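The values are calculated or read from the model by the stated rules, or taken from the named source; none is laboratory data. Values in this document were obtained by computation on a predicted structure and should not be read as measured data. Glycine also receives a Cβ, built like all others from the backbone with ideal geometry; neighbour counts cover every protein chain displayed.
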Amino acid sequence: MKEDDKNPKQPNPENPYKTLDLKLTKVKDWAAGIPAVQASISDLIEDKTVARGGKALFKMNQMGGFDCPSCAWPDPDDERSPLGEYCENGVKALAEEATTKKVTPEFFKENSVYALSQLTDYEIGKKGRLTDPLYLPKNGTHYEAISWDAAFQKIADSLNELDSPNEAIFYTSGRTSNEASFLYQLFAKEFGTNNMPDCSNMCHETSGTALRPTIGIGKGTVKLEDFYDTDLIVIIGQNPGTNAPRMMSALEKGKKNGAKIIAINPLPEAGLMGFKNPQEIKGIIGNPVKLADLYLPVKINGDMALLKALEMLLLDYEKKNPGKILDQQFIHEKTTGFEAYLKQFDNYNFDQFVEESGVPKEAIQQAAEMLAFKNRIIVCWGMGITQQHNGVDLVKEILNILLLKGSIGKAGAGVCPVRGHSNVQGNRTMLIDEKPTQEQLDRLQNYFGFNPPREKGYDVVHAIKAMHNEKAKVLFCMGGNFLSATPDTTYTTEALRKLNLTVSVSTKLNRTHLIHGKESLILPTLSRSDMDIVNGELQIITTENSMGVVQDSKGVLKAVSDNLINETQIVCRMAMATLGDKSVVDWNKYHNDYDAVRDAIEQCIPGFENYNVRARQKGGFYLPNAARDGKFNTKQFGDRVPFTLTTTPVNQLAADEYLMATTRTHDQFNTTIYGLDDRYRGIKNERRVIFMNEKDIEKEGFKNGDKVDLFNYDDGIERIAPLFIIVAYPIPEKNTVTYFPETNVLVSVNNVVKESNMPASKYVKIKIKKHEESIYERIKS
Ligand SMILES: Nc1nc2c(c(=O)[nH]1)N[C@H]1C(S)=C(S)[C@@H](COP(=O)(O)OP(=O)(O)OC[C@H]3O[C@@H](n4cnc5c(=O)[nH]c(N)nc54)[C@H](O)[C@@H]3O)O[C@H]1N2
Ligand SMILES: Nc1nc2c(c(=O)[nH]1)N[C@H]1C(S)=C(S)[C@@H](COP(=O)(O)OP(=O)(O)OC[C@H]3O[C@@H](n4cnc5c(=O)[nH]c(N)nc54)[C@H](O)[C@@H]3O)O[C@H]1N2
Ligand SMILES: [Mo]
């Protein structure tokens, strides 16, 4: 036994504070191409998974193959690239899953929870795939093997001894199949709670909150083919080169057909500027294609001022070219609130908006001109918008512009919130939602015959607070990495440690397993690329992509362990153990039969008619989306879409205060750290960096490469993230960017987006001070 194990200390909730050996390389102005191909292949080689991974690669995103576990970007409906429909980051995601390394019960005998917590997330992830269910007893220092039956009995006992079902919380990440998701929410509701926070609560909740009451559906309205034939694509607050690389092929195709692109981002992201298509020979050797025709370097949270400045110019152009700029017919027939919307501009000051946006006036004029004289416009957005404190208003303002132009509900035009996890949209369609509608609940009640709870449950932020207040006692996580993905790491750690039981259904080890309740379980499961064999037969599961296409996915790899069961079976066995004879649902049937689950989905959720047949059709099927066809329907506004009056935020910062946006490197999938580089931004071998404007560096008396500590003081509490290296970067003054999860410790649990209650992780006020060794003592105290 090692020394640490005899005197267990508190496991470390954060990455150990150490810097590596930062090397700066050139900031790239184009993405993909040869380096991308090389990088992907080296990922497979490093994991010694070439044979397994290589074989799997050719099945990824192919019809009859499996859905890439990385992002939610759709596959082409018709032809798919024979070279494979994958991207560099899809390969990395696959390499993570296909690895032959294993973390077995033996491994946990040798490694205490405390010792594992001293590793970085990168090191933890590289340990390999989980092979067996594991249990950490009260005051235990090491996870130990447990049988599946005993594990389910422990969960059942903990759930059944609660005073109320609402003391349990059921979290979901976004990879779970439609089938497992449907059963999971069904179980939570039959058990008696709507406490179903999910990763959407940190991701696109803001988009849904803005779109549902305005256009009648909380999803995007465009199809992939709309990108191929459109006039203008605006990409705001999203980094496609890293986070949705296959989107770049769609952008390239759109450009070839004449579309223009405007990119709005505080950082000149490589994937917005240029592109070489690694799926085409000429893309590998040729010059990069220029992507953005116009780049607007907006300040963090300067988007509202920018959008309003653009609207002022559009209205001005319309005055000068009556009937030529705005779609008066669309405004007249399909919208409401136009008069009031127009009136607000009387009080607006254009120059002030320009100033607040941070974008040069000429560039704004150029953008307005592009918008003015184009008719089919698509606006794509990501976390740069949804994770702002006024994100809901920002999405509504984007919609205002599209309404002016009549650019929604017709071909080549519309809204495109680019989803994150590969099945996050499907999870919601399957009713994983802390606020299900009464209609949805009625349908479940009619079909299954139990009374589902009717009151709202906890979202992510409310869940953390409920755990902290000891109102919740059990946390069950279907995938994900709750601790590291959520804000306010110290507060969330305290919250998790108060629980009676934490359960994680996982493919890989992560930090949430190490920051646990009084007892803890890890339940290993199959990943997307694994063969899912039930009763001797290879199964398909289904997922829904960012554009509402539902299709099948069939794994190709042999599971790393015979002791893995799929997520559907985990839910069914948990339900049988917990609910026993009280249940009115035939869990045993669903345990053995995905088709039966799909039949039930068909009965309970509109749009899934003939599910079992259509799921197996080539390319799957589109879910209905009335807004896409120009039919809007909301309770409040009927068949019209409202113009929304929004306010412009005042971003007052003290002299020594900066705004920080937390973001992803090119080498991570959320909390899974593939590698330590951020190639496109010129960073090698370091994650603890802070991007700053050169003038700010100078003003503070720092130098490029200096070590600093970061502080946040929201709610009157000092939050510290020690030891970051300054990197001078083309970013607006007073703005900084860092990587999550390292800086989640600085994001207050109360710093949330208005209305959607998402953590505002791209709007964090910080102070930056020279690094001092004494900081570690201060953190401990
Ligand atoms: N390889 C890979 N793919 C992924 C993921 C991953 O981690 N790795 N994550 C998946 C998930 S779950 C999601 S949600 C998506 C996330 O994909 P994205 O939405 O691209 O998310 P981020 O990289 O966090 O941030 C997007 C951009 O917002 C910009 N930004 C920051 N603040 C502002 C602002 O105030 N205004 C504007 N206009 N821009 C701003 C940042 O500079 C950054 O370029 O990707 C998915 N795909
Ligand atoms: N500061 C800051 N915080 C953020 C963000 C940000 O931009 N800034 N982004 C937010 C966003 S957009 C999101 S979506 C969340 C992500 O939050 P999560 O979805 O909770 O986090 P992930 O890192 O995607 O989860 C990774 C874990 O999922 C497990 N896993 C992988 N595949 C499977 C599978 O097939 N089945 C099961 N059961 N488990 C699997 C593995 O064990 C892995 O360790 O983070 C949010 N947090
Ligand atoms: Mo996300």
Inset, instruction - Can you tell me which residue among Ser561, Ser546 is in contact with a Gly (Cβ under 8 Å, 6 or more places away or on another chain) and assigned to a loop (DSSP other than H, G, I, E, B)? - result: Ser546
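This table checks each residue for (1) within 16 Å of ligand 1 (Cβ to nearest atom); (2) at pLDDT below 95; (3) among the β-branched types (Val, Ile, Thr).
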| site | (1), (2), (3) |
| --- | --- |
| Ser158 | no, no, no |
| Pro165 | no, no, no |
| Ala180 | no, no, no |
| Glu205 | yes, no, no |
| Val234 | yes, no, yes |
Inset, instruction - State all residues of the stretch 678-688 that are in contact with a Lys or Arg (Cβ under 9 Å, 6 or more places away or on another chain) and either more than 14 Å from ligand 1 (Cβ to nearest atom) or modelled with pLDDT of 95 or more (or both); if no residue qualifies, say none. - result: Asp678, Arg681, Gly682, Ile683, Lys684, Asn685, Glu686, Arg688
Inset, instruction - May I ask you to list the residues in the stretch 10-33 that are over 28 Å from Ala250 (Cβ atoms) and not in a loop (DSSP other than H, G, I, E, B)? - result: Lys23, Leu24
Legend entry - Any chance Thr665 is within 16 Å of ligand 3 (Cβ to nearest atom), assigned to a loop (DSSP other than H, G, I, E, B) and either under 26 Å from the mean Cα position of the chain (by Cα) or not hydroxyl-bearing (Ser, Thr, Tyr) (or both): yes
Inset, instruction - Can you tell me which residue among Glu46, Glu96, Glu106 is buried (at least 23 other Cβ atoms within 10 Å of the Cβ) and either in contact with a helix residue (DSSP H, G or I) (Cβ under 8 Å, 6 or more places away or on another chain) or at pLDDT 90 or above (or both)? - result: Glu96
Legend entry - Residue under evaluation Ala654, criteria (1) assigned to a loop (DSSP other than H, G, I, E, B); (2) within 28 Å of the chain's Cα centre (by Cα); (3) under 30 Å from Pro487 (Cβ atoms), criterion not met: (2)
Legend entry - Residues satisfying the stated conditions in the stretch 114-132, i.e. buried (at least 18 other Cβ atoms within 10 Å of the Cβ) and under 25 Å from Glu567 (Cα atoms): Asp121, Ile124, Gly125, Lys126, Gly128, Arg129, Leu130, Thr131, Asp132
Legend entry - Condition met for Thr644 (in a loop (DSSP other than H, G, I, E, B), under 20 Å from the mean Cα position of the chain (by Cα) and in contact (Cβ under 8 Å) with a residue 60 or more places away in the chain): no
Legend entry - Meets criteria (modelled with pLDDT under 90 and more than 10 Å from ligand 1 (Cβ to nearest atom)) for Asn257: no
Inset, instruction - State whether one or more residues within the stretch 409-421 are of a type in the set (Gly, Ala, Ser), within 16 Å of ligand 1 (Cβ to nearest atom), surrounded by 24 or more Cβ atoms within 10 Å (Cβ to Cβ) and over 30 Å from Leu224 (Cβ atoms). - result: no
Legend entry - Within the stretch 203-221, considering residues that are of a type outside the set (A, V, I, L, M, F, W, C) and part of a helix (DSSP H, G or I), the one nearest to Gln388 (Cα to Cα): Thr206
Inset, instruction - List every residue pair whose Cβ atoms lie under 7 Å apart, where the two residues are 6 or more positions apart in sequence or sit on different chains, the first residue falls within the stretch 377-398 and is closer than 10 Å to Val753 by Cβ, and the second residue, located anywhere, is surrounded by fewer than 24 Cβ atoms within 10 Å (Cβ to Cβ) and among the acidic types (Asp, Glu). - result: Val392/Glu755
Legend entry - Among the residues listed as Thr230, Thr176, the single one being more than 16 Å from ligand 2 (Cβ to nearest atom), buried (at least 24 other Cβ atoms within 10 Å of the Cβ) and in a loop (DSSP other than H, G, I, E, B): Thr230
Legend entry - Close pairs (7 angstrom Cβ cut-off, 6 or more residues apart or separate chains): within 15 Å of Glu733 (Cβ to Cβ) in the stretch 289-307, within 16 Å of ligand 3 (Cβ to nearest atom) anywhere: Ile300/Ala661; Ile300/Lys762; Asn301/Gln388
Inset, instruction - Among residues belonging to the stretch 442-500 that are of a type in the set (Gly, Ala, Ser) and in a loop (DSSP other than H, G, I, E, B), point out the one that is surrounded by the fewest Cβ atoms within 10 Å (Cβ to Cβ). - result: Gly449
Inset, instruction - Identify, from the list Asp714, Asp677, the residue that is closer than 18 Å to Pro487 by Cβ, away from ligand 3 (no atom under 16 Å from the Cβ) and surrounded by fewer than 22 Cβ atoms within 10 Å (Cβ to Cβ). - result: Asp714
